[in-house]
Amino acid sequence: MTWLLSLLAAAFATLAAVLLLPPLRRTLLTGSIFATYKKLLPAMSQTEREALEAGTVWWEGELFSGRPNWQKLLDYPQPKLTAAEQSFLDNECEALCAMVSDWDTTQLHQDLSPQAWAYAKEKGFLGMIIPKRYGGLEFSALAHSAVVQKLSTHCSAAAVSVMVPNSLGPAELLLHYGTEEQKNHTLPRLAKGLEIPAFALTNPHAGSDAASIPDTGIVCRGLWQGKEVIGMRVTWDKRYITLGPICTLLGLAFRLHDPDHLLGNVEDIGITCALVPTDHPGVNIGRRHFPLNAVFQNGPNSGTDVFMPLDWIIGGPAMAGHGWRMLMECLAAGRSISLPSSNTGMAKLAVRATGAYARVRSQFRTAIGKFEGIEEPLARMGGNTYMMDAARTLTAGAIDLGEKPSVVSAIVKYHVTERARQVVNDAMDILGGKGICLGPNNFMGRAYQQIPIGITVEGANILTRSLIIFGQGAIRCHPYVLKEMEAARNPDAAAGLRDFDKALFSHLWFVWRRGFRAWSMGLTGSHFGPAPADVAPETRRYYQQLTRFSAAFALLADVSMLVMGGDLKRKEKLSARLGDILSLLYLCSATLKRYEDEGRQAEDAPLMHWAIWDAMFRMQNAFEGVISNYPNRFFAAVLHWKIFPLGRPYEVPSDQLGHEVAKLLIAPSATRDRLTAGMYLARSESDAVGVVELALEATIAAEPIEAKLRAAEKSGKVGAGDTATKLRHAQEAGLLSAEEVALVQRRIHLRDKAIAVDDFPRDFSVEQISAAEILRRAA
């Protein structure tokens, strides 16, 4: 027996020496693993590398760690507007909203009116991101987001027309990469609207796969302003270019080649970005697409062998071939703001107006918002909008902190637009016939038509979910994967082996710790998990539960990369579900951060609780979706035991919680105001949303009077007849005062206007008058 113990001790000592002495470990163990790893590591193109390295890693890195530092999240400063930004939102933005409407833009102008365009240019809407030294407004990302959101609650054409010049395009590219001469000449003109910018990237044969654009430029000699210079002949065919039909300055992406080596020894220089005046000979532009009845300017453009000087390259000739990196680095900021803001705006419009409508509209002598069947979609609308706005604000705040969070930008782009689709669909279900009949009275129809646009642009949602969020996040956000890949590509083999050895064994220890954490927190229901000391008592358990999810996600991601390797990239359904988990962790983080930043408003708690419970249930389903479809059933069983040792503990939000959320949407309150803060509200009977808002107030004021009238009718004190007759009898009998009768009459008047739908001549001819005038005549 002694000899057996001695043998085991020797074996243990040998193994310990191999594992604990790095030089010996590298010689006997890591070296062979390193060689195999390098063979299995798929080749990475330059464009893939640039996309991967673009942007920064922010809070999503903590979520990938398996043990998020929640205090770090709470310590981020609460994003706030400056006094000047708030003033712009309250005045200039309010004025632009008052000048436009979805009905006028789609039926009268097929665009913004000339007056609205002139106002937007004069007041600097097109230059919000441009610094003041160039004549711009130099707004924060939060202000930029707030302006787009507000415009989106009223008129999509206004929102998009303002959004695009301040997103990925000529201004942002010039700010980061332009020469001083380019900045000094072009930025002041963009800031004042003297130039209308557009950016042309998408080709008919390269949409989501934008890196493979076939548009080409050939470096050559040619005549420019009477002199022979080295320039380039560019051929391109673009489509879906917003503001393209009216732009005067076209940002153009193409692949530049130098077959005669006029610029150097490299023939395929790479993707390049240039600024092209649209009045330049050979530029074909001006025709329009018609995207789902939206009338923001959007269309194709093209050119064949158009000669242009090298000075038109953004950043000058030195930046030739650097276009893809430029686009990837700038995309994170633009994608973090534009679509999350516009879609949150649409959600706020849906919540505010549909909630009011559900209280104003009655069936079976009961406000439809009090039916359980209506409460269910109202609860989804409220909870989703609360979470969407939290994510919008947190992400804009990250941009203002100097971050360019590429993974987070994909998360908010996908999940905010998808939740907006759910919110708008729910609104349409509640509105019924009111929602499907287009006209000046319809506040939801155009949003319903156009919601797929946000789903499609700036990275189609299917692609974003199945390939980008986890595919990019697993490498960028993981504490060790990128280090291992970089070590494998190190031309110094010895240095690469040292770095790989260090990263690999740190990685293995990381997997062990996160696996134990996930299992132990599953066994204990995460009751002993970490949570910040000073958070609201009602949210403490959520931090613990989300820590459990983070640890389980870290384990599942690592095991998946180990078991499937490069095949995981092709397992798009599994990758999508892993991305869902990471995304929902981020959305929950934003929701908890919002609740703390806004002062733990007790009245808002149902919205927060609903959003978190819904997200946790979805995360649980995403885990199950991965494990149930795992290609290796042994690992699937182990993972299920590790992650759910006691089964599935998370449930959908309760009906009682949904009831509490729905109640918040159908009555005026500070909570309802906070939920829809920043939207445009015209308190006018000639505005489709304004009249519903007025009708809500009148309905609530009249409800106790109408209850008194029904009681009098039931007791026989008021005879039969229509409402007007019963009101007259009640007043004559002294049961109601003149003021009470007037309140009910106003409620009836506003209710009838709020539920009205539009009708037109049989041939659908529409007189060329504004929506406000149509509503005024109807009154």
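The values are calculated or read from the model by the stated rules, or taken from the named source; none is laboratory data. Values in this document were obtained by computation on a predicted structure and should not be read as measured data. Every residue, glycine as well, gets a Cβ built from its backbone with ideal geometry; the counts of neighbours run over all protein chains shown. We work out accessible area using only protein heavy atoms, side chains counted, and drop any ligands, DNA or RNA first. Shrake-Rupley method; radii C 1.70, N 1.55, O 1.52, S 1.80 Å.
What to note about this one:
- Breaking point among (1) among the hydrophobic types (A, V, I, L, M, F, W, C); (2) under 27 Å from ALA410 (Cβ atoms); (3) more than 23 Å from the chain's Cα centre (by Cα); (4) at pLDDT 95 or above, for ILE612: (3)
- Here THR366 clears all of (1) open to solvent by 20 Å² or more (accessible area, probe 1.4 Å); (2) closer than 30 Å to PRO79 by Cβ; (3) of a type in the set (Val, Ile, Thr) except the condition numbered (2).
- In region 247-260, the residues that are over 11 Å from ILE213 (Cα atoms) form Cβ pairs under 9 Å with partners that are crowded, with 19+ Cβ neighbours inside 10 Å and of a type in the set (Lys, Arg), at six or more places apart or across chains, as follows: LEU250/LYS238; LEU252/LYS238.
- Of residues in region 238-289 being polar (S, T, N, Q) and within 18 Å of LEU194 (Cα to Cα), the one surrounded by the fewest Cβ atoms within 10 Å (Cβ to Cβ): THR248
- Within region 106-118, the set of residues being surrounded by fewer than 15 Cβ atoms within 10 Å (Cβ to Cβ) and either within 16 Å of VAL160 (Cα to Cα) or free of Cβ contacts under 8 Å to residues at least 12 places away in the same chain (or both) comprises GLN110, PRO114, ALA118.
- Residue in region 416-437 that is open to solvent by 10 Å² or more (accessible area, probe 1.4 Å) and not in a helix (DSSP H, G or I) present: yes
- Some residue of region 392-415 being assigned to a helix (DSSP H, G or I), of a type in the set (Lys, Arg), open to solvent by 10 Å² or more (accessible area, probe 1.4 Å) and under 29 Å from GLY373 (Cα atoms): no
- Look at (1) in a loop (DSSP other than H, G, I, E, B); (2) modelled with pLDDT of 85 or more and you find that SER583 fails only one, number (1).
- THR354 vs. criteria within 28 Å of the chain's Cα centre (by Cα), closer than 30 Å to ILE700 by Cα and surrounded by 24 or more Cβ atoms within 10 Å (Cβ to Cβ): yes
- Matching residues in region 293-316 - criterion: being under 19 Å from VAL229 (Cβ atoms) and touching a residue at least 24 places away in the same chain (Cβ under 8 Å): GLY303, ASP305, VAL306, PHE307, MET308, PRO309, LEU310, TRP312, ILE313, ILE314, GLY315, GLY316
- Residue in region 741-757 that is under 33 Å from the mean Cα position of the chain (by Cα) and in a loop (DSSP other than H, G, I, E, B) present: yes
- Residue match in region 153-175 (condition: open to solvent by 50 Å² or more (accessible area, probe 1.4 Å), in contact (Cβ under 8 Å) with a residue 12 or more places away in the chain and not acidic (Asp, Glu)): no
- Residue that is least open to solvent (accessible area, probe 1.4 Å), among those in region 579-622 that are aromatic (Phe, Trp, Tyr) and out of contact with any His (no Cβ under 9 Å at 6 or more places or on another chain): TYR595
- Qualifying residue in region 42-52 (condition: of a type outside the set (A, V, I, L, M, F, W, C), more than 26 Å from the chain's Cα centre (by Cα) and closer than 30 Å to PHE290 by Cα): no
- A single member of LYS483, LYS502 is assigned to a helix (DSSP H, G or I), surrounded by 16 or more Cβ atoms within 10 Å (Cβ to Cβ), at pLDDT below 85 and basic (Lys, Arg), and it is LYS483.
- Qualifying residue in region 312-326 (condition: of a type outside the set (Phe, Trp, Tyr) and touching a Lys or Arg at 6+ places or on another chain (Cβ under 8 Å)): no
- Among the residues of region 369-384, not one is surrounded by fewer than 21 Cβ atoms within 10 Å (Cβ to Cβ) and closer than 15 Å to THR671 by Cα.
A quick yes/no check of all residues on (1) farther than 18 Å from ASN343 by Cβ; (2) modelled with pLDDT of 95 or more; (3) within 14 Å of the chain's Cα centre (by Cα):
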{"residue": "GLY402", "(1), (2), (3)": "yes, no, no"}
{"residue": "VAL407", "(1), (2), (3)": "yes, no, yes"}
{"residue": "VAL416", "(1), (2), (3)": "no, yes, yes"}
{"residue": "ARG419", "(1), (2), (3)": "no, yes, yes"}
{"residue": "VAL424", "(1), (2), (3)": "no, yes, no"}
{"residue": "MET428", "(1), (2), (3)": "no, yes, no"}
{"residue": "GLY439", "(1), (2), (3)": "yes, no, no"}
{"residue": "GLY454", "(1), (2), (3)": "no, no, yes"}
{"residue": "GLY459", "(1), (2), (3)": "no, no, yes"}
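- Unmet requirement for GLY525, which otherwise passes all of (1) modelled with pLDDT of 90 or more; (2) surrounded by fewer than 19 Cβ atoms within 10 Å (Cβ to Cβ); (3) in a helix (DSSP H, G or I): (3)
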